[in-house]
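Asks: Okay, here's the structure, questions in a sec.
The values are calculated or read from the model by the stated rules, or taken from the named source; none is laboratory data. Computed from a prediction, not measured in an experiment: that's the story for all the values here. All Cβ positions, glycine included, derive from the backbone under ideal geometry; neighbour counts span all protein chains shown.
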Amino acid sequence: MSEQILKVEHFSVSFDTYAGEVQAVRDVSFALNRGEILSIVGESGSGKSVMTQSLVKLLPAPPARIKSGKVIFDGQDISGYRFKQLRQIKGQKIAYIFQDPMTSLNPTVKIGKQVTEGLLAHASVSRQEARRKAVELLRSAGIPNPDKRMEQYPHELSGGMRQRVMIAIAIAMQPQLLVADEPTTALDVTIQSQILGTIKDLNRSLGMAVILITHDMGVVAGMAQRVMVMYGGRVVESGAVRDIFYHSAHPYTRSLLAAVPRLDADSTAPLEHIVGSPPDMLAPPAGCPFAPRCRYAMEVCRSHMPGRTELGDGHDTYCWLCDSRAGETAQAFLRGERVVHSGTE
Amino acid sequence: MKLLKFILKRVVVSVIMIFCLVTISFFLVKLIPGSPFTSEKMQAGNKAAIYAYYGLDKPVYEQYFTYMKNLLHGDLGTSYKIRGVTVNEIIRTAFPYSLDLGMRAVAFALTMGLLLGIVAAYQRGKAMDTFTMIVAIIGTSVPSFIMGFFVQYLFAVKLKWFPPAEYTSFAHTVLPTFALGLGMLATIAKYTRTSMLEVISSDYVKTADAKGLSKFRIIVGHQLRNALMPIITLLGPMIASVITGTFVVENVFAIPGLGRHYVTSVQGLDYTLITGLTIFFAAFLVLMNLLVDIVYALIDPRIGLVE
């Protein structure tokens, strides 16, 4: 049995629209170990959700189209699997929790049925058994009075409770991988920590690997072992949480970290932010996608995508500043100075 | 209990609505120039006798009260033009034909329309989708009198597959059902397609897919129910207008339904028949809308029955 539960190689996903091809995910490669929590961070539109949902082809195709790449799950290449074959993976081995619990449950179906139908689809159990199991699942997802909840509809539950129902649905078959796509973005902060606590407990007790997509660097620090930073459909940096937080080697990651508001900062100072907006994926830049917003951008950054630089211990970055030929600018970057290159607007 | 209260409330509102409608249509028809007997050649004395016989010589308000009193007893009065026959009898003999044809047309349109709409949504941009759109365009843009004559000519006169007219056996019902149902089918298919496509990209369908459910379960268990809402709204008035009789299709296929009475009663100023049919149709429309509201509440738990 391999240590790796998931290995993604050169994965690219595009949307065919009337305006042209939107290259949402471009050449993403990463691996995930069994029982590990990997956090994917990056601003909206960086391709995090599209990438993870395309692993088992959850996006309607057309318009979504997987252009290339391999998805090796539990030793098997599932990238060529069709709908029928993927049914043996979805819900059973890879489960999903989505961002908005208000819309990800069917408003016209009782909670009970929404939990049991996954069980009935995969395990050969009777309705009574499935029902009993569902009550158990709801309880282990932290829902009080699960018997009563079974007969209720989603609109009768609060947002936090609905997200717990989503968790119960996701862990029904004890999956080896849980993809939690911003599971707490739509919830308030106290509920957020409870939900994350539940996910972490399940990760420990079931040995389930987790891909946690989030905007919140605080969540990353508290939950994940490893972090992958995405920008403009590409991976720009990945590594252990400590390496990313303390030895980040990519200007984008540093900007993200700098944008986290600090309690000890001067309260009258303006909040840090990254100037500009993410690239238009209809016509992605030829070079590094972050170059137009990067303080340290050099000529080469605009024309050529940097290759991977291994910094050791699985800490990889994709930035020209790590190239030995980068010279002065790189030195300035490492010192943390601001450099505005002649070519930068 | 909640349902019963809701129905009761709606019935009371409906009765008031129908009362207003009766009043308005009673006076409106009297405002039309002429009288039911203007075209007939008769001596002045006879005319007066006929007017007196039907109570038309009395003041209008008195006629109104008499009419309302009779209506409360369920009596819609006597037809002026079809001598010696009451409006109740006309409806009793003609309505079963219209109802039968209407129900067949609705069943045909609903099953085929939903099926085409669903398949089209799933095959978006492919051959079945194009086919459905063509059916939808033909169904909505070709008027039923042209469609009626066309299918009659092609399948009855030329191919001789079905009898051309009358309404006595199953074979007789096929062509009128098709002619009457096609327009509805087109509308239903078009709405189903749009609404299915809307639902396909919703989050809960993605959740259902992520559970590893079969295509069938995803469609029937999660999409259809939510996609049906706009179609149910459509269906209420559609069914009401179709089963209370349609002039054109019944005329083309010589079916003794209620449809022709709508036209002939107005042409002949048959006061009682006009008002009677208006009440009948209105009652049906109100009933269908009530049913739609109840079905709504049954399908979508978020819609409470309290207004």
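Asks: I need the full set of residues from region B:252-300 which are touching a Lys or Arg at 6+ places or on another chain (Cβ under 8 Å) and not β-branched (V, I, T), in order please.
Replies: Passing the criteria: B:S265, B:G268, B:D270, B:Y271, B:L273, B:L290, B:D293.
Asks: Suppose the filter is modelled with pLDDT under 90 and either touching a strand residue (DSSP E or B) at 6+ places or on another chain (Cβ under 9 Å) or more than 14 Å from chain B (Cβ to nearest Cβ) (or both); does A:V109 pass it?
Replies: So A:V109 does not fit the description; no.
Asks: Among the residues of region B:226-244, is there at least one that is β-branched (V, I, T), in a helix (DSSP H, G or I) and surrounded by fewer than 18 Cβ atoms within 10 Å (Cβ to Cβ)?
Replies: Scanning region B:226-244, I find at least one residue that is β-branched (V, I, T), in a helix (DSSP H, G or I) and surrounded by fewer than 18 Cβ atoms within 10 Å (Cβ to Cβ), so the answer is yes.
Asks: Then there's this: Can you tell which of A:R164, A:R139, A:R131 is outside any loop (DSSP other than H, G, I, E, B), among the basic types (K, R), away from every other protein chain (no Cβ under 13 Å) and farther than 21 Å from A:T198 by Cα?
Replies: A:R131
Asks: Is it the case that some residue within region B:44-54 is assigned to a loop (DSSP other than H, G, I, E, B) and modelled with pLDDT under 85?
Replies: Initially, region B:44-54 is screened for residues assigned to a loop (DSSP other than H, G, I, E, B), giving none.
No: region B:44-54 contains no residue that is assigned to a loop (DSSP other than H, G, I, E, B) and modelled with pLDDT under 85.
Asks: Given A:L187, A:L212, A:L202, A:L196, which one is buried (at least 19 other Cβ atoms within 10 Å of the Cβ) and at pLDDT 90 or above?
Replies: One residue alone meets the criteria, A:L212.
Yes/no per residue for (1) more than 14 Å from A:D181 (Cβ to Cβ); (2) surrounded by fewer than 21 Cβ atoms within 10 Å (Cβ to Cβ):
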residue	(1), (2)
A:K7	yes, yes
A:A19	yes, yes
A:Q23	yes, no
A:V28	yes, no
A:L59	no, yes
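Asks: Okay, next question. Identify, from the list A:V220, A:V235, the residue that is farther than 28 Å from A:A283 by Cβ and buried (at least 16 other Cβ atoms within 10 Å of the Cβ).
Replies: On inspection, the qualifying residue turns out to be A:V220.
Asks: In region B:225-240, what count of residues is obtained for those that are over 19 Å from the mean Cα position of the chain (by Cα) and more than 10 Å from chain A (Cβ to nearest Cβ)?
Replies: 1
Asks: Within region B:245-284, track down each residue that is surrounded by 20 or more Cβ atoms within 10 Å (Cβ to Cβ) and among the polar types (S, T, N, Q).
Replies: Residues satisfying the conditions are B:T246, B:S265, B:T272, B:T275, B:T278.
Asks: While we're here: Identify the single condition in (1) surrounded by fewer than 19 Cβ atoms within 10 Å (Cβ to Cβ); (2) more than 22 Å from the chain's Cα centre (by Cα); (3) at pLDDT 85 or above that B:V142 does not satisfy, given that it satisfies every other one.
Replies: For B:V142, the exception is condition (2).
Asks: Confirm whether A:K148 is more than 14 Å from chain B (Cβ to nearest Cβ) and either among the basic types (K, R) or under 25 Å from B:M229 (Cα atoms) (or both).
Replies: The answer is yes for A:K148.
Asks: Moving to a separate point now. Could you figure out which of (1) over 21 Å from B:P256 (Cβ atoms); (2) outside any loop (DSSP other than H, G, I, E, B); (3) not acidic (D, E) isn't true of B:W161?
Replies: Only one criterion is unmet by B:W161, namely (2).
Asks: Checking B:K206 against (1) in contact with a Leu (Cβ under 6 Å, 6 or more places away or on another chain); (2) closer than 23 Å to B:M238 by Cβ; (3) within 12 Å of another protein chain (Cβ to nearest Cβ), which test does it fail?
Replies: Of (1) in contact with a Leu (Cβ under 6 Å, 6 or more places away or on another chain); (2) closer than 23 Å to B:M238 by Cβ; (3) within 12 Å of another protein chain (Cβ to nearest Cβ), only one is false for B:K206: (2).
Asks: Right, next: Would you pick out the residues in region B:261-303 that are of a type in the set (G, A, S) and either without any contact (Cβ under 8 Å) to a residue 24 or more places away in the chain or farther than 23 Å from B:E89 by Cβ (or both)?
Replies: Passing the criteria: only B:A297.
Asks: Give me the residue from region A:61-101 that is within 13 Å of chain B (Cβ to nearest Cβ) and loosely packed, with under 15 Cβ neighbours inside 10 Å and, out of that set, nearest to A:R164 (Cα to Cα).
Replies: Looking at the filtered set, the residue picked out is A:Q88.
Asks: I've got another one for you. Which one of these does A:Y153 not meet: (1) within 22 Å of A:P107 (Cβ to Cβ); (2) buried (at least 22 other Cβ atoms within 10 Å of the Cβ); (3) not acidic (D, E)?
Replies: The number of the failed condition is (2).
Asks: Hey, any hits in region A:88-103 for a residue that's farther than 22 Å from A:L212 by Cβ and either without any contact (Cβ under 8 Å) to a residue 40 or more places away in the chain or over 19 Å from the mean Cα position of the chain (by Cα) (or both)?
Replies: yes
Asks: Given the conditions (1) more than 13 Å from chain A (Cβ to nearest Cβ); (2) not in a helix (DSSP H, G or I), and given that B:P301 satisfies all but one, which numbered condition is not satisfied?
Replies: (1)
Asks: Answer with yes or no whether B:K211 is surrounded by fewer than 23 Cβ atoms within 10 Å (Cβ to Cβ) and facing chain A (nearest Cβ under 10 Å).
Replies: On the way: surrounded by fewer than 23 Cβ atoms within 10 Å (Cβ to Cβ): no; facing chain A (nearest Cβ under 10 Å): yes.
For B:K211, the condition - surrounded by fewer than 23 Cβ atoms within 10 Å (Cβ to Cβ) and facing chain A (nearest Cβ under 10 Å) - is not met.
Asks: So is A:T52 surrounded by fewer than 24 Cβ atoms within 10 Å (Cβ to Cβ) and either in contact with a strand residue (DSSP E or B) (Cβ under 8 Å, 6 or more places away or on another chain) or within 30 Å of A:D280 (Cα to Cα) (or both) or not?
Replies: Considered against the rule, which asks whether it is surrounded by fewer than 24 Cβ atoms within 10 Å (Cβ to Cβ) and either in contact with a strand residue (DSSP E or B) (Cβ under 8 Å, 6 or more places away or on another chain) or within 30 Å of A:D280 (Cα to Cα) (or both), A:T52 comes out as yes.
Residue by residue, here is whether (1) outside any helix (DSSP H, G or I); (2) surrounded by fewer than 16 Cβ atoms within 10 Å (Cβ to Cβ); (3) basic (K, R); (4) modelled with pLDDT of 90 or more holds:
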site: B:L154; (1), (2), (3), (4): no, yes, no, no
site: B:E166; (1), (2), (3), (4): yes, yes, no, no
site: B:A179; (1), (2), (3), (4): no, no, no, no
site: B:L185; (1), (2), (3), (4): no, no, no, yes
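Asks: Look through region A:284-300, keep the residues that are within 16 Å of A:T253 (Cα to Cα) and in contact with a helix residue (DSSP H, G or I) (Cβ under 7 Å, 6 or more places away or on another chain), and return whichever of them is surrounded by the fewest Cβ atoms within 10 Å (Cβ to Cβ). Walk me through it before giving the result.
Replies: We begin by selecting, within region A:284-300, every residue within 16 Å of A:T253 (Cα to Cα); these are A:288-297.
Keeping just the survivors that are in contact with a helix residue (DSSP H, G or I) (Cβ under 7 Å, 6 or more places away or on another chain) gives A:288, A:290-291, A:294-297.
On the way: A:C288: 29, A:F290: 26, A:A291: 26, A:C294: 25, A:R295: 18, A:Y296: 24, A:A297: 23.
Top of the filtered list is A:R295.
Asks: Is region A:54-73 home to any residue that is within 22 Å of A:M305 (Cα to Cα) and hydroxyl-bearing (S, T, Y)?
Replies: Among the residues of region A:54-73, at least one is within 22 Å of A:M305 (Cα to Cα) and hydroxyl-bearing (S, T, Y), which makes the answer yes.
Asks: Confirm whether B:F216 is assigned to a helix (DSSP H, G or I) and crowded, with 16+ Cβ neighbours inside 10 Å.
Replies: In short, no.
Asks: Another one. From the residues in region A:115-128 that are out of contact with any helix residue (DSSP H, G or I) (no Cβ under 8 Å at 6 or more places or on another chain) and assigned to a helix (DSSP H, G or I), which one is farthest from the other protein chains (Cβ to nearest Cβ)?
Replies: A:Q128
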